[in-house]
1. What is the magnitude of the charge dipole of the stretch 281-356 about its Cα centre, with +1 placed on the Cβ of each Lys and Arg, -1 on the Cβ of each Asp and Glu, and no other charges, expressed in debye to the nearest 20?
2. Report the Cα centroid-to-centroid distance between the stretch 217-270 and the stretch 347-383 in angstrom, as an integer.
3. Using the structure shown, select from Lys237/Lys393; Lys202/Lys393; Lys194/Lys414; Lys184/Lys245; Lys206/Lys414; Lys181/Lys260 the pairs with a Cα to Cα distance greater than 30 angstrom.
4. About the Cα centre of the stretch 251-380, what is the dipole size in debye to 20, counting +1 per Lys and Arg Cβ and -1 per Asp and Glu Cβ, all else neutral?
5. Sticking to Cα atoms, compute the Rg of the stretch 281-356 to one decimal and its Dmax as the biggest Cα-Cα distance, whole number, in Å.
6. Taking the stretch 278-380, which chymotrypsin sites (Phe, Trp or Tyr not before Pro) meet the DSSP loop condition and have no more than 15 other C-beta atoms within 10 Å?
7. Count neighbours as other Cβ atoms within 10 Å of each site's Cβ, and list the GluC sites (Glu not before Pro) in the stretch 270-368 that are DSSP loop with at most 15 such neighbours.
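Bear in mind these aren't lab numbers, they're just calculated from the coordinates by the rules spelled out. If you're wondering where the values come from, they're calculated on a predicted model, not measured in any experiment. In this analysis, Cβ positions are derived from the backbone assuming ideal geometry, glycine residues included, and neighbour counts consider all displayed protein chains.
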Amino acid sequence: MSDAKKTGSRDISELKQRLGLKKGAAAASQTGATARVNGGQSGGVVPPPGLNLPPPPGLAPQQPPQPVIPNAHDDPFGAMNAMAAHGAVQRAPEIVIVNDGRPVEHVGASSSGAKILRIAVPAGIALIIGIAVGKIGTGNSSYNDGLKGAKAILGDKNTPSTVANLKKQLSDLDTWLDEAKTKKNFRPDAALDKELASLAAKLEVKSELVFRAKENALDAETSGEILSFYAGVEELKSMVDNHVKSAMSDDLAFANAAKKTDAATVKDDENAALSGQLRYGVLMQAPTDTDKVDFGAKLVELGPPYCGDKLATSGHCGEGEAPSAFAYRSEPGATWTKGDLVASGADSVPTKKLVMLLPGGVRDSLVKGAEGVASESLYTKRLRGIYEFVHGKTGPDGKPVGGLLESGNKLQQKLEQVANKGSRFSFFM
């Protein structure tokens, strides 16, 4: 029993000593602390309480004393108290967890996305600026190409196939056709066809210029006008070539028709009073009590005049003497019959009177033949079509409208305006 009391007292005494409640233990603990502060060197000066002196030169700075933690097996209470005191002095940093609703893997993705944005935004701005500069440069280059194309297509009067040269040829052709209309009314003429072929040969269209017209950088409207003009020149050239080829046979038919017309025309030595007119007329007849003839008109051939009662085979009457009648016959080679020629009258014509035939296509076809009339008609129609294609049809105000020459004039003026503009700066020049 005494041993148990002794053992219990010793345990309490040891516990007080460990907890620092025993005076002797406190003094020993203070002495140990003072020794640790002085670095364990003898003769050190103990600093007053609360004063922190720097270490002597050459010595490492003093480390704060580390608490002694008893063995938990031997002294569980002391170990807990020491660990609690040590945790209060050196508290571990707190980690605050915030739930933002995003998965953990998105934290790294956000950081990477920010880096990508810092790189991509300046690169995107630079790309936009580059594209804008490129478009401006490309636009200016296209504009300059348009100027070059306009100058090349416009050309000058002496450069074949250019707009200026073709417009001059059209102007010359228009003047020549206008004279042919005024002087000959587009009647067949071999010399006229030869000159027309010479003018058409100058309507030259080079394929490289047409290709340039298709690929030029001008606006769509001007490009369309250029191609339309070149197409018009090609069509005109085809029209002229077709006319010249057809005119070879037309000229032959017209020559034969001209011989027939000449043979059917009254000569001065045949009948001076009717010279230059056709030798054919109409005899009006109607039945009477004494003459049982058919009612109608008969085509007859006119012959020499009668001077008084005498037939003038020379075609002339005496000086100052007018013909009294004209000879006629209804059958080739028959004997001439005397008849009266009616040059004017009212709304009725007496019988057995001669009437002259008026000009007309049917009359001419009777004289020239169907082939000659058709050839001349087609010839005139083709030539008139060429004239209207170049010169234009006459409008309500009497001025030509819609001709190829008018289109050439407008196109030349537009190209001159474009060609006179200055070029623009471009990186692609």
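1. Numbers: 7 positive and 10 negative charges, 26 e Å.
About 120 debye.
2. For the stretch 217-270 versus the stretch 347-383, the Cα centre distance is 24 Å.
3. Lys194/Lys414, as the Cα separations exceed 30 Å there.
4. Around 220 debye, computed over the stretch 251-380.
5. Gyration radius and largest Cα-Cα distance of the stretch 281-356: 13.3, 41 Å.
6. Values: sites: Tyr280, Phe295, Tyr306, Phe326, Tyr328, Trp336, Tyr379; in loops: Phe295, Trp336.
Answer by residue number: Phe295.
7. Passing both the DSSP loop test and the Cβ count: Glu319, Glu321.
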